[in-house]
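Working notes, beginning with the structure itself.
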Amino acid sequence: MTDDAVCLFSPLFEQQGIVHGFSTRRGGVSRPPYDSLNLSPNVGDDPASVAGNLSRFGRRLGVDPGRIFTVSQIHGSRIITVGSGARPENIRNEKADGLVVALPGSGVGVRTADCVPILLATEDGRCVAAVHAGWRGLVRGVIASGVKALCRESGLSPAKLLAAIGPCIGPCCYEVGPDLAQAFSEQGLEACIERRGSLRADLRKGARLMLDREGLRPSHIDLIDRCTASCSDLFFSYRRDRGKGGRQLNVIATGPDQGRG
């Protein structure tokens, strides 16, 4: 993993030249409690600050912020495929938890503040996806839905895909109750529940397990092992901040059109 003041990056994706980034809370202009790189317009922050932050983030990635597609996340399993002629403003209110795009020079992103962001790509980066998975999304199969949607759009098998699991709340900070543990067990995810005096959930492990089940090669799965709740200087955390704060934006983009076809 490499990082800077604005983003964290997957070495696996960097080796392939895939444009992507997992934002941090650093390097922006928002005031407390959104300080400083809040990338959500829906948490009460000043709209001008959010726009300025998006511009900074886009420049760091080399992606036009006006070409980054997002959705209204609902902790479900629906994935949107961005078609030709689509505009971000026409998709941002769609209720879903992931997006797939194969349009040159376009990005897709999901916002997080403890949930798991999963970025997916073909090896050539011509088709990419972003998936948002909290515990509800994991048990509802959102990662499987994202992999299947990317396979449909690209025409490739899961073994040909790459994945990067981004920062999320870790088991060190994610104490859960028996009902959630039971929901994980019912989906064959009992390995993601730890007992450290109390029950703890490991969402990163759950995401990796689901990617394995869908047929991605272990060497094609990267993991950024950072806990959003324990790293208050680096990340927003919904649980730690009791809902009062900003959001990270996790983006992956296709390259420019260079005579594809």
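Bear in mind these aren't lab numbers, they're just calculated from the coordinates by the rules spelled out. Since we're looking at a predicted model, the values are computed, not measured. Neighbour counts are summed over all protein chains in view; Cβ atoms, including those assigned to glycine, are modelled from backbone coordinates with ideal geometry.
A few notes on this one:
- Theoretical ellipticity at 222 nm over the chain - DSSP helices of four or more residues, -39500 (n - 2.57) apiece, nearest 500: -7000 deg cm²/dmol
- More than 20 angstrom apart: percent of Cα pairs within the range 19-87: 38
- Cα Rg, Dmax, the range 79-125, angstrom units: 11.4, 33
- This ranking places Cys192, Cys173 by how few other beta-carbon atoms lie within 10 Å of each, fewest first, which gives Cys173, Cys192.
- Counting beta carbons within 10 Å around each of Glu186, Glu153 and listing the fewest first gives the order Glu186, Glu153.
- Spatial offset of the range 145-169 relative to the range 1-65 amounts to 22 Å, using the alpha carbon center of each.
- Counting only DSSP beta bridges with both residues in the chain, the antiparallel share comes to about 75 percent.
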